[in-house]
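Asks: Sending over a structure as structure tokens; questions will come in a sec.
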Amino acid sequence: MPPELSDPADALAAVAALRRLADQLEEAAVEQAMRDGWSWPEVAEALGITRQAVHKKHAKRLIEAGVSLRRR
Amino acid sequence: MAAIDHYLNSVIEQARLAAFDDGSATLEAHHLLLGIAVAGENAELIAAGLGHDQIRAALQGEFEHSLQTVGVSAAAYRLPKPTRVGDPPTTLGASAKLAFDRAFSWARRKKDLRPVHLLLGILQAEIGTVPRALALAGFDRAALIARFSGDAA
């Protein structure tokens, strides 16, 4: 049995750190997928969010980074 | 523009770069602390063992420690670093707003605000990334506050 996380300060800090890690992982993974030729709908489906949401969050950055994006 | 405005501008500029590098959408208190370490009047900070590299190491230690408490290792995967383009964030996050609120409470009027007040505003947070990072890295936050508040009166 893993130890119980009894200190709320640790638990709350873990939430903040996990969010930050998830954001960093998402940025890197979406960029990697788009460089590998994935489409927006495929990336969106893999993340479980809408195509509009993933496009809004990442398109500008990837275009400026020079990633050639598939239109569909 | 008053000297304090120039000072705050340069700290905020450096904090924006730190937030950008982090992939953060907002400027937080720990970014301001890094900003002070780069751009600020930081001789006292360095004398207290809080140079830029030490602060960065303490923040990374807090991040890794917090992930470890739920069994996640930040070093367990390797992905290419995402490309960062565009403009660094300008929005102050909740922890940075609180740091400024506390800084202004040290000064009776805005024109009395001095660099050390912002540092104290950041160090006075009892909860959050900065106090956890300092504690985990072995810094005595109360002693730091006592040390710097002598300069703030």
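Asks: With springs only between Cα atoms under 10 Å apart, run a GNM on chain A and tell me which of A:Arg19, A:Arg35, A:Arg51 wobbles the most.
Replies: Result for chain A, Cα springs under 10 Å: A:Arg19 fluctuates most.
Asks: Turning to a different aspect of this structure: Which residues does a label at B:Ser149 reach in region B:106-121, if reach means a backbone N under 20 Å from a point 7 Å past the Cα toward the Cβ?
Replies: Of the residues in region B:106-121, B:106-109, B:112-121 have backbone N under 20 Å from the label point off B:Ser149.
Asks: Now for a different question. Show me, for region A:13-25, the HN-Hα J-couplings you get by feeding each phi into the Karplus relation (A = 6.51, B = -1.76, C = 1.60, θ = phi - 60°), rounded to Hz, glycine and proline as x.
Replies: 5, 5, 4, 4, 5, 5, 4, 5, 4, 4, 4, 5, 5
Asks: For peptide A:6-12, how many partner chain Cβ atoms fall within 10 Å of a residue's Cβ, on average?
Replies: That works out to 3 on average.
Asks: Once the mean 1/r over all distinct Cα pairs of chain A is inverted, what Kirkwood radius in angstroms do you read off?
Replies: Computed over Cα pairs of chain A, the Kirkwood hydrodynamic radius comes out at 13.9 Å.
Asks: Can you work out the FRET efficiency for the pair B:Ile127 and A:Leu25, with r the C-beta to C-beta distance and R0 = 22 Å, to the nearest 0.05?
Replies: Given R0 = 22 Å and the Cβ-Cβ separation, E is 0.30.
Asks: Still on this structure: From the phi of every residue in region B:108-116, what ³J(HN,Hα) in whole Hz does the Karplus formula 6.51 cos²θ - 1.76 cosθ + 1.60 yield, where θ is phi - 60° and glycine or proline is x?
Replies: So the J values, rounded to whole Hz, are 6, 10, 4, 6, 8, 5, 10, x, 5.
Asks: Treat every Asp and Glu Cβ in chain B as -1 and every Lys and Arg Cβ as +1, leave all other atoms uncharged, and give the resulting dipole magnitude about the Cα centre to the nearest 20 debye.
Replies: 220
Asks: Oh, and also: For a distance above 30 Å, tell me the whole-number percent of Cα pairs in the protein assembly as shown that qualify.
Replies: Value for the protein assembly as shown: 34 percent of Cα pairs lie more than 30 Å apart.
Asks: May I ask for the longest run of chain B untouched by GluC sites (Glu not before Pro) that are loop-located per DSSP and have at most 15 neighbouring C-beta atoms (other than their own) within 10 Å?
Replies: B:42-125
Asks: Still on this structure, I have one more. Let's see if you can work this out: charge +1 on each Lys and Arg Cβ, -1 on each Asp and Glu Cβ, no other charges. What is the dipole magnitude of the protein assembly as shown about its Cα centre, in debye to the nearest 20?
Replies: Roughly 780 debye for the protein assembly as shown.
Asks: Still on this model: Computed over the Cα atoms of region B:90-146, what is the convex hull's projected area averaged over all directions, in nm²?
Replies: Average projection, Cα convex hull of region B:90-146: 4.4 nm².
Asks: If you take the beta carbon distance between A:Ala53 and B:Phe104 as r and set R0 to 30 Å, what does 1/(1 + (r/R0)^6) give as a FRET efficiency, to the nearest 0.05?
Replies: Using R0 = 30 Å, I get an efficiency of 0.20.
Asks: While we're here: Just the number, please: Stokes-Einstein D of region B:58-128 in µm²/s, Kirkwood Rh from C-alpha pairs, 4 °C, 1.567 mPa s.
Replies: Diffusion coefficient, whole number: 85 µm²/s.
Asks: Right, here's the next one. Using a 10 angstrom cutoff on alpha carbons, build the Gaussian network for chain B and name the most mobile of B:Ser73, B:Ser95, B:Ser105.
Replies: The residue that fluctuates most here is B:Ser73.
Asks: For B:Leu92, what residues show an amide H to amide H distance below 5 Å, using hydrogens built from the backbone and excluding near sequence neighbours?
Replies: Residues meeting the criterion, in which the H sits 1.01 Å from N, are B:Leu27.
Asks: As an exercise, identify the chymotrypsin sites (Phe, Trp or Tyr not before Pro) in region B:7-114 lying in DSSP coil whose Cβ has no more than 12 other Cβ atoms within 10 Å.
Replies: Taking region B:7-114 and a limit of 12 other Cβ atoms within 10 Å, the loop chymotrypsin sites (Phe, Trp or Tyr not before Pro) found are B:Tyr77.
Asks: Further question on the same structure: About the Cα centre, and with charges only on the beta carbon of Lys, Arg (+1) and Asp, Glu (-1), how big is the dipole of chain A? Nearest 20 debye, please.
Replies: Magnitude of the dipole: close to 660 debye.
Asks: I would also like to ask the following. Beyond 23 Å between alpha-carbons counts as too far, so tell me which of A:Lys60/B:Lys81; A:Lys60/B:Lys97; A:Lys56/B:Lys81 fall in that bin.
Replies: A:Lys60/B:Lys97
Asks: Name the residue farthest towards the positive end of the dipole of chain B from the options B:Ile122, B:Gly61, B:Ala43, assuming +1 on Cβ of Lys and Arg, -1 on Cβ of Asp and Glu, about the Cα centre.
Replies: Going by the charge dipole, the pick is B:Ile122.
Asks: Here is a further query. Percent of alpha carbon pairs in region B:20-151 separated by more than 19 Å?
Replies: 53
Asks: So which GluC sites (Glu not before Pro) in chain A are both in a DSSP loop and have at most 16 other Cβ atoms within 10 Å of their Cβ?
Replies: The qualifying sites are A:Glu4.
Computed from the coordinates by the stated procedures, all read-outs in this text should not be read as laboratory data. Keep in mind that what you see is a predicted model, and the values were worked out from it rather than measured. Don't worry about glycine lacking a Cβ; one is built from the backbone with ideal geometry, like all the others, and counts go over all protein chains shown.
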